[in-house]
Every structure is written in structure tokens, then in C-alpha cells.
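Asker: I am attaching a structure below and will ask some questions about it afterwards.
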Amino acid sequence: MELPVYVFTGFLDSGKSTFLQSTLEDKRFNNGERTLVLLCEEGEVELDPARFSGKNVTIQVIDDKTQFTPENLTAMQKKCRAQRVMVEYNGMWLLNDFYANMPKNWIIYQEMMFADANTFEAYNANMRNLAVDKLQGAQLVVFNRAQKGFDKMALHKIVRGVSRRVDIAYEYGEDDVEYDDIEDPLPFDKEAEVIEVEDRDFALWYRDLSEDLEAYNGKTVRFKGQAVVEKSIPKGCFIVGRPLMTCCVDDIQFAGLVCEWPEIQGLSNRMWVQVKATISIRKHPCYGRVGPVLSGLMVEQTTAPEDEVATFY
């Protein structure tokens with residue numbers, strides 16, 4: 001039986017506990033279901049069970065990541081016969097420390113991030129990897145303690161540099177919330193006869209392709225990438241892409257796409273190429289699943305971009 005899990009992330013004093021408290025006080029949500037609450041850090045605000053029906057809520061403090069094991073988490077859930085789990089996550093821990101150790105029947109139903117609108121830019125500048133970690137899987141980011149009339153663009157750009165899907169809300173006070181409506185046009189035309197991807201926009205295009213595969217089915221694209229030619233790749237194919245950095249040097253990974261090209265003998269490993277190809281969304285052995293497969297129309301050697309590592313900002 002699936003167990004729904006609600007995860008609330010953010011740095012210390014970002015408003016997680018306040019939101020968790022109000023959620024448990026809301027009878028529309030807390031209507032008697034047995035709930036296990038995992039508290040992974042202590043902030044200024046403490047949960048007050050006296051203000052909600054605490055009989056059905058079990059609070060478990062997690063003060064060390066080593067407590068995250070499938071066996072331990074299952075034991076906690078079974079002890080209180082919980083029907084759902086709510087997690088107030090430690091902002092200094094990577095989310096994978098928890099997700100990789102969840103019991104198999106624990107399913108993330110919602111992930112929300114909270115941040116102080118006045119301090120988040122500093123957190124992002126000094127702990128970019130932790131900020132990205134919390135932003136990339138969130139469905140909603142709430143910037144609380146915002147001041148009326150403040151410039152939202154800086155926060156908007158930080159979020160959109162990581163995810164174009166997440167909703168953004170600005171909270172000015174109790175029951176005073178504004179949702180982000182800043183239009184964010186892509187720097188390339190998805191409806192063009194040939195989608196031209198500039199070197200500086202590769203990361204944005206690669207992410208948009210990954211998030212909206214069907215929109216690219218049958219489209220033609222032109223971009224610059226690095227060829228990967230290896231014996232393990234099926235005959236008549238190579239991988240083309242670029243090193244991509246999400247937040248810091250430590251997380252650079254090669255973002256590659258399968259490209260079918262009959263003249264593979266003209267390519268060498270790590271050669272920079274200009275590719276014009278038609279995209280089809282189908283299963284391919286290189287992916288082991290459905291993914292974007294490029295059918296090469298033109299593949300020519302070219303020079304490396306000014307910045308070989310693609311970034312979102």
C-alpha cells in the first residue's frame with residue numbers, strides 16, 4: 001500500500017514549522033488520519049500539538065542522517081500505524097539522503113520549499129548547491145516575509161535558472177499571497193522551421209527538451225555539441241552534447257543525446273560538431289527507455305564554444 005509523503009524544505013527559519021503547524025491545524029487536511037511527522041531540524045518555532053488534534057499525530061525528531069534507512073523509517077511508520085508522512089527537512093542536508101533511503105512504498109505526493117525573501121539571495125550565493133537541491137524537485141516555492149513593491153526579478157531568475165515548472169508565491173503577510181506571473185519566454189523559437197540553439201542557451205534548451213519531450217517530436221534543431229564516439233554505442237550512432245553545470249563544478253555532468261548518422265567514420269571522440277537534426281521521441285537502446293533521438297541531417301566539425309561547460313545563468 002502506497003504511503004503519501006509531504007516534504008517541506010528550506011533553510012533554517014524559512015517558515016517551514018509555521019506552515020506545518022497551520023497545516024495540521026487545518027481540519028480540511030488534518031481530519032483524523034494517523035500522521036507521522038519527521039522533524040529534521042530545530043528552529044525558532046516549535047510545533048504546538050495543543051493547537052491541533054495531536055492524538056492522531058506522532059512527532060519523531062531526526063537529528064542525524066544515519067537514521068534514514070528503509071528499516072528505521074518503516075519501523076517508525078508501523079509503530080504509530082501512520083497513514084501518511086510529513087517531513088520538515090534540514091536545509092543543510094541533501095534531499096537524496098532521504099529519498100534514496102525511503103521505503104519502497106513511500107511516495108512523494110508533494111514537495112514545497114520555503115525561503116525568506118530577504119535572505120535567500122545570500123543563501124543562494126554562498127550555498128548554491130544546497131539551494132539548487134531544494135529548488136529542482138519542488139512543486140511550489142514560497143518566499144515569505146516579502147515586502148510590498150519589492151523587486152521580484154532576482155528571486156524569479158534564481159528559481160527559473162533551476163526549474164521552469166515550479167510555481168512561485170510571495171507571501172506578504174497572513175492571507176496575503178501573490179503568485180508569480182512574470183513571463184519567461186525561451187531564448188529560442190520552438191515553432192521555427194529550424195530551432196536555432198545558441199551556445200549560451202544549450203542548457204535551457206536541453207532542460208526544456210527533457211521536460212516537454214512531445215513538444216519536440218518531429219521538430220528540426222541546430223546546435224553545437226561534442227561528439228562521443230565509442231564502440232559501446234550502436235552502429236551508425238554517436239552521442240552529442242555538452243558538459244552541463246547546474247550549480248557548481250562538482251555537479252558537472254555530460255548532457256548527451258543520441259544522434260543517428262551514417263557517416264560516423266568521419267567523427268572522432270570529443271570532436272566539436274555543428275548538428276542539424278530532426279528529433280523523434282522513441283525508445284532507443286542507448287537510453288533504455290523512450291527519449292529524444294536525433295536523425296542527423298548535417299554534422300560538421302566546428303570550433304568549441306567560448307564556454308565549453310553549459311550553464312543556466
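The values are calculated or read from the model by the stated rules, or taken from the named source; none is laboratory data. A quick note: this is a predicted structure, and the numbers were derived from the prediction, not measured. Counting neighbours? That spans all protein chains shown, and the Cβs are built from the backbone with ideal geometry, glycine included. Just so you know, the surface numbers come from the protein's heavy atoms only, side chains and all, with ligands and any DNA or RNA stripped out. Shrake-Rupley method; radii C 1.70, N 1.55, O 1.52, S 1.80 Å.
Asker: State the label only: which of (1) 20.1, 62; (2) 23.0, 73; (3) 28.2, 93 corresponds to Rg and Dmax of the Cα atoms in Å computed from the shown model?
Answerer: (2)
Asker: Rounded to the nearest 0.05, what FRET efficiency do residue 301 and residue 129 give with R0 = 30 Å and r taken as the Cβ-Cβ distance? Could you check?
Answerer: E(calc), rounded to 0.05, equals 0.30.
Asker: Another question about this same structure. Using the per-residue mean of other Cβ atoms lying within 10 Å as a proxy for protection, in what order, highest first, do the peptides 276-282, 110-116 fall? Before the final figure, lay out the partial values.
Answerer: Details: 276-282: 17.0, 110-116: 22.6.
By packing density, highest mean first, the sequence is 110-116, 276-282.
Asker: Could you go through the stretch 186-203 in sequence order and give the Karplus-derived ³J(HN,Hα) for each residue, using 6.51 cos²θ - 1.76 cosθ + 1.60 with θ = phi - 60°, rounded to whole Hz, and x for Gly and Pro?
Answerer: Rounded to whole hertz, the list is 5, x, 9, 9, 5, 9, 5, 4, 10, 6, 8, 9, 5, 3, 5, 9, 4, 4.
Asker: Then there's this: Please give the FRET efficiency for residue 274 paired with residue 156, using the beta carbon to beta carbon distance and R0 = 41 Å, rounded to the nearest 0.05.
Answerer: 0.80
Asker: Also, I was wondering about something else. So what is the accessible area of the chain per residue, in Å², with the probe set to 1.4 Å?
Answerer: Here the residues of the chain average 52 Å² of exposed surface.
Asker: I want to verify a result. In a Gaussian network model of the chain, Cα cutoff 10 Å, which of these has the top mean-square fluctuation: 167, 151, 208?
Answerer: In the Gaussian network model the winner is 151.
Asker: Could you tally the net charge around residue 150, taking each other residue with its Cβ under 13 Å from the Cβ of residue 150, Lys/Arg +1 and Asp/Glu -1?
Answerer: Here the charged neighbours net out to -3.
Asker: Would you mind telling me which residue in 87, 194, 240 has the biggest mean-square fluctuation in a Gaussian network model of the chain, where springs connect alpha carbons within a distance under 10 angstrom?
Answerer: Comparing 87, 194, 240 in a Gaussian network model of the chain, the most mobile one is 194.
Asker: Return the carbon/sulfur percentage of the accessible area of the chain, one whole number, probe 1.4 Å, all protein chains in place.
Answerer: Reported share for carbon and sulfur atoms: 47 percent.
Asker: Rounded to the nearest 500, what is the chain's calculated 222 nm mean residue ellipticity when only DSSP H runs of at least 4 contribute -39500 (n - 2.57) each, over all residues?
Answerer: -5000 deg cm²/dmol
Asker: Kindly state, to the nearest 0.05, the FRET efficiency for residue 121 paired with residue 192, given R0 = 35 Å and r defined as their beta-carbon distance. If you can, show how the numbers build up before the last one.
Answerer: On the way: r = 35 Å, r/R0 = 1.00.
Step by step, r from the Cβ atoms, then E = 0.50.
Asker: Report the residues of the stretch 16-41 in range of a label on residue 1: point 7 Å along Cα→C-beta, backbone N strictly under 11 Å from it.
Answerer: Under cut-off, by backbone N: 34.
Asker: What residue among 130, 47, 244 has the largest mean-square fluctuation in a Gaussian network model of the chain, using Cα springs under 10 Å?
Answerer: 47
Asker: Using a cut-off of 12 Å between beta-carbons, work out the net charge of the residues near residue 161 (Lys and Arg +1, Asp and Glu -1, residue 161 not included).
Answerer: +4
Asker: Beyond a 26 Å Cα-Cα separation, which of these cross-linked pairs lie in this structure: 104/219; 152/276; 27/148; 78/134; 65/283; 27/79?
Answerer: Beyond 26 Å between Cα atoms: 104/219; 152/276; 27/148; 78/134; 65/283.
Asker: Could you tally the net charge around residue 82, taking each other residue with its Cβ under 12 Å from the Cβ of residue 82, Lys/Arg +1 and Asp/Glu -1?
Answerer: Around residue 82, the charge tally is +4.
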